[in-house]
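Below is one structure, written out as structure tokens; comments come after it.
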Amino acid sequence: MADIMKWPEVPSFTALQREMDRLFEDFYRRGGLLRGVWSPAVDVVENNDTIVIRAELPGIEPKDVDISVSGDTLTIKGEKREEKEEKGKSFYRMERCYGSFSRSIILPTSVEADKAKADYKNGVLEITLPKTERVKAKKIPIKTV
């Protein structure tokens, strides 16, 4: 009769899954197989009266960015222009992505596009979109009888 042999413990599959997720996120954040293709990271925050979108656009001039709202979709388009690089050194490496980008975000509620405002500071574009009156939360007072 053969002895039963104990298998060594298998590393946590959760840790393996986390590491694989991190590798894929890093791969796509850097443009994946298509170098030069990128999309800015965004945060979308909904308040009582507004929707605020913050997009990371470091190294991009505001004049190179176009913002539009069509229906329930906000679109941010632009171009990150390549800086003139000096070549001819003994080594050359380029990890930063350049080129055109377009990022569309489906808004969680209706907004008044004509009252929108956009500010750009320290490489972050902040777009504030007021909600339409009909979707703003209204507090209803309770009367005692």
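The values are calculated or read from the model by the stated rules, or taken from the named source; none is laboratory data. Keep in mind it's a predicted model, so treat the numbers as computed, not measured. Positions of Cβ are generated from backbone atoms using ideal geometry, with glycine treated the same way; all protein chains shown enter the neighbour counts.
Every residue, every condition in (1) assigned to a loop (DSSP other than H, G, I, E, B); (2) aliphatic (A, V, I, L, M); (3) at pLDDT below 95, yes or no:
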residue: S90; (1), (2), (3): yes, no, yes
residue: M94; (1), (2), (3): yes, yes, yes
residue: C97; (1), (2), (3): yes, no, yes
residue: S100; (1), (2), (3): no, no, yes
residue: T109; (1), (2), (3): yes, no, yes
residue: D114; (1), (2), (3): no, no, yes
residue: T128; (1), (2), (3): no, no, no
residue: K138; (1), (2), (3): yes, no, yes
residue: K143; (1), (2), (3): yes, no, yes
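Number of residues in segment 105-132 that are out of contact with any strand residue (DSSP E or B) (no Cβ under 7 Å at 6 or more places or on another chain) and on the phi > 0 side of the Ramachandran plot equals 1.
Restricting segment 24-77 to residues that are more than 13 Å from the chain's Cα centre (by Cα), of a type outside the set (D, E) and part of a helix (DSSP H, G or I), the residue that is modelled with the lowest pLDDT is F27.
Listed by first and then second residue, the pairs with beta-carbon distance under 7 Å, at least 6 apart or on different chains, first residue in segment 111-132 and within 18 Å of T73 (Cβ to Cβ) and free of Cβ contacts under 8 Å to residues at least 24 places away in the same chain, second part of a loop (DSSP other than H, G, I, E, B) and of a type in the set (S, T, Y), are E112/T132; T132/S110.
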